[in-house]
């Protein structure tokens, strides 16, 4: 156990503060989406990703990868969204083994209805508490962690017009 790189007091406080803030932030966002839109945040994220994709369509495997989720979890979520008529699955023309998820007009309307409350919650819970300098630092830290942990960016590049949060 002598090889363990224990956290020093400052790192321990930083870790605990980060963990607590993350839980409080995401619990609040999840609660708002459930109460106001009847959607778990994971489903909302799927709708956003599809709305930003060309022809509002993504391969199921790409949807799983970019959502940092398993294929079975994405398949279950898409099945639930299909029941609501918000997403439709269709075969992939180029790969008979693959399938595509497509956001329907009803799904886009559902996303557009849910987005204002979600964005207000994100703004109130996160951005209203931070200075512009803190927002820039949070972005830099988050981008660094994503590349460190995932190996590459997960959302569209900053210059992409579809990169905005909904």
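What follows draws every value from the coordinates through simple rules; no lab data is involved. Computed from a predicted model, the values in this text were never measured in an experiment. Glycine also receives a Cβ, built like all others from the backbone with ideal geometry; neighbour counts cover every protein chain displayed.
Our note on the geometry: Cα centres of segment 76-95 and segment 1-21, 42 Å apart.
So how tilted is helix 41-52 from the main axis of the chain? Cα-based, degrees 0 to 90, rounded to 10. Taking Cα atoms only, the helix is inclined about 60 degrees. For segment 44-99, the Cα gyration tensor yields ellipsoid semi-axes of 15, 13, 12 Å (square root of five times each eigenvalue, largest first, whole Å).
Inter-label distance, residue 135 to residue 149: 2.3 nm, where each label sits 7 Å from its Cα along the C-beta direction. When peptides 84-94, 106-116 are ranked by their average number of other Cβ atoms within 10 Å per residue, the highest-first order is 106-116, 84-94.
How big is Rg to Rh over segment 67-150, alpha-carbon atoms, Rh as the Kirkwood inverse-mean-distance radius? Reported Rg/Rh, Kirkwood definition of Rh: 1.11. Once the Cα atoms are used to define both axes, helix 132-150 deviates from the longest principal axis of the chain by about 70 degrees. Computed from Cα atoms, the angle from the helix 71-83 axis to the main principal axis of the chain rounds to 50 degrees. For residue 27 and residue 99, the FRET efficiency from 1/(1 + (r/R0)^6), where r spans their Cβ atoms and R0 equals 30 Å, is about 0.35. Based on Cα contacts under 8 Å between residues 6+ apart, the chain shows a relative contact order of 21 percent. So what does log10 I(q)/I(0) come out to for segment 15-166 at q = 0.15, 0.21 Å⁻¹, using the Debye formula with one equal point on every Cα and no solvent? The Cα Debye sum returns log10 ratios of -0.88, -1.54.
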